Amino acid sequence: MENVEDGYYTKTKLKNEFGLKPFDESQYDATAKLYVHNKWGNYYLYHIDNCIEIKKRKVTEHPITLQSIAESLYLINKSAKVSRDTKNENYHQRKHSVVQAAKTRQFKLYDLKESVINKLLSEEKIEIKGYHTMFDGYLMLLQLGDFTFHRPVSKSEIADLTCLGVLDHEVSSVRTRDVSLNFFEAENLLNRYIS
């Protein structure tokens with residue numbers, strides 16, 4: 001940022017380059033009109049002396065068991081659906097940066113889910129229960145312990161499976177189960193499982 005006095009930074013720069021955050025975000029120290037990403041914008045600046053260190057999130061490494069994998073998949077799946085809902089809600093409000101961030105996160109989490117399910121299938125540790133039809137395709141229903149998950153599949157993949165009916169709505173993002181891990185622990189566990 002040219003023409004900005006030393007020691008003054010945006011929240012993003014403080015976080016990414018210094019691992020700091022303002023004591024109080026509502027009490028900015030200066031403002032600046034800056035040309036960023038081909039457009040002008042007003043930015044709040046905070047002096048580095050009025051910041052504190054961001055505490056690192058502690059992630060407990062849980063043992064990899066079928067139960068912990070099931071709980072982790074549940075959390076990741078619900079979190080992906082939260083991103084799906086965020087993307088859809090903000091699309092109509094034309095908040096394109098929010099839509100893009102939510103879409104990226106949604107696809108990242110669904111890719112992780114898919115990799116885990118593929119490994120579970122190859123190890124014959126997850127059970128295929130059948131499939132549901134939806135307005136735009138087919139969803140295979142899988143069960144791991146007492147958790148169930150849907151996976152989009154093609155028509156050829158359901159040839160020998162039992163139809164379990166029609167889903168006329170998107171699966172909710174609301175958590176209805178208690179699990180023993182938090183999101184970061186779940187993500188860490190699933191990445192360790194597939195690596």
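For (1) not in a loop (DSSP other than H, G, I, E, B); (2) not assigned by TED's automatic domain parsing to the domain that holds G145, each residue gets a yes or a no:
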{"position": "L14", "(1), (2)": "yes, yes"}
{"position": "Y28", "(1), (2)": "no, yes"}
{"position": "Y44", "(1), (2)": "yes, yes"}
{"position": "T60", "(1), (2)": "no, yes"}
{"position": "A70", "(1), (2)": "yes, no"}
{"position": "Y110", "(1), (2)": "yes, no"}
For K58, the lone unmet condition from (1) under 30 Å from R177 (Cα atoms); (2) in contact (Cβ under 8 Å) with a residue 12 or more places away in the chain; (3) of a type outside the set (A, V, I, L, M) is (2)
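Yes or no, residue by residue, for (1) among the basic types (K, R); (2) touching a Lys or Arg at 6+ places or on another chain (Cβ under 7 Å); (3) not in a strand (DSSP E or B):
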{"site": "G130", "(1), (2), (3)": "no, no, no"}
{"site": "Q143", "(1), (2), (3)": "no, yes, no"}
{"site": "S156", "(1), (2), (3)": "no, no, yes"}
{"site": "E170", "(1), (2), (3)": "no, no, yes"}
{"site": "D178", "(1), (2), (3)": "no, no, yes"}
{"site": "N191", "(1), (2), (3)": "no, no, yes"}
Looking across region 84-108 at residues that are among the charged types (D, E, K, R) and outside any helix (DSSP H, G or I), the single one that is surrounded by the most Cβ atoms within 10 Å (Cβ to Cβ) is K95
The condition from (1) closer than 30 Å to S26 by Cβ; (2) among the basic types (K, R); (3) assigned by TED's automatic domain parsing to the domain that holds N182; (4) under 20 Å from the mean Cα position of the chain (by Cα) that R94 misses is numbered (4)
Per the filter on region 1-39, residues at pLDDT below 85 and either farther than 20 Å from S97 by Cβ or within 30 Å of the chain's Cα centre (by Cα) (or both) are E2, N3, V4, E5, V36, H37, N38, K39
Checked F149, F135 against criteria (in contact with a Leu (Cβ under 6 Å, 6 or more places away or on another chain) and either loosely packed, with under 15 Cβ neighbours inside 10 Å or aromatic (F, W, Y) (or both)); the one match is F149
Check on Y43, surrounded by 16 or more Cβ atoms within 10 Å (Cβ to Cβ), free of Cβ contacts under 8 Å to residues at least 60 places away in the same chain, of a type in the set (F, W, Y) and closer than 19 Å to S97 by Cα: yes
Those residues of region 159-195 which are among the small types (G, A, S), modelled with pLDDT of 90 or more and under 16 Å from L109 (Cβ atoms) amount to A186
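The values are calculated or read from the model by the stated rules, or taken from the named source; none is laboratory data. All values derive from a computational prediction rather than experimental measurement. Heads up, the Cβs are rebuilt from the backbone with ideal geometry, glycines too, and the neighbour counts pull from every protein chain shown.
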